Structure formats: C-alpha cells, structure tokens
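Structure first, commentary second.
Nothing in this text is a laboratory measurement; each read-out follows from the coordinates by a stated rule. Computed from a prediction, not measured in an experiment: that's the story for all the values here. With ideal geometry, Cβ positions are generated from the backbone for all residues, glycine too; neighbour counts draw on all protein chains shown.
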Amino acid sequence: MKRRSLLTWLGLGWISSLIPVAIAACSPDKSKTTSVQGSPTTSANSPNAEGFYTIGTVAQLDNLGQIQTTVATDKVVVIRDPANPNALFAVNPSCTHRGCTVAWSKAEKQFACPCHGSDFAPDGKVLSKPANKSLKTYQVKIAGDMVLVKAT
Ligand code: FES
C-alpha cells in the first residue's frame, strides 16, 4: 500500500471513530428526570404508576399564573382556582366551538376564545356562546413541590 493511501485510510478511520461521539453529544439528555415526593421517578414524557405526568413545579405555576404543556398528546393548561387557591384546574385550551386556542385571563378569571368570543369558567364550563360544550378537563394535583396531571 502506498504511503498516501495508508494516510487516507487512517484519516478516514479516525474521523469515523468520532461520529458516534458527535451524535451522542447532540442527542437530548434522557437521564434528566424529576423526582416527585412519594412517587416513583418520572419524566415529562412518561406517567407515574398512577398515570400522572409531572408537568412543572408549584413555583412555576405561581410565578407564571399558569402552566401550559402537552400531556401525552393533549394540550393542557393548569391554573389555580381563583375562588380557592388551594385547588387547581387543568383544561384543554382547544375551544369546543371550532378549535381555536383559548387564553387564560387571571384578571377576568376566565378563559377567552379569540376567534368568536366564547368564554369559559376556570373549570372549563361555558360562560358565553357560541361554544356550547365545556373545555375538556383533567385530574390535577400537587405532590411535594410538583404539579401533576393525569391524561385521560
Ligand atoms: S372557535 Fe372559539 S368561539 Fe369559535
């Protein structure tokens, strides 16, 4: 083998040995999980043994006034009940009229649809039409300092 060919092969071998390292460095870190007090370790993409997904912290909920996320395949918004701050509501923000995304207004204490004006109570019940069906709701709870939602 000529010297030039040998160097080319060695160079290609060295470069190909780096490819798995580069791929691993660019992959998401799947080892990041959240420990929930009294519950098995879980991640945002997998439920615990009771079917609850950890979606964030109580501090996030209180700082932002809401947590928006996706649980399984559903969009979910979690808020505190304005009438009882110890209680939470979790609703799917897809308007039941034609599917626009409703927005939570802490000041008005309701979800409002920007498309045709439907309003929904914190628990998802219809306050004003044209929507005539409540927002989909989910079980939600606090465990330790984490907020958990059960997909249905
Ligand atoms: S899509 Fe919400 S009121 Fe029409």
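Worth pointing out:
- Interchain or long-range residues, amide H under 5 Å from residue 87's placed H: 81
- Residues 98, 80 arranged by fewest to most Cβ contacts within 10 Å: 98, 80
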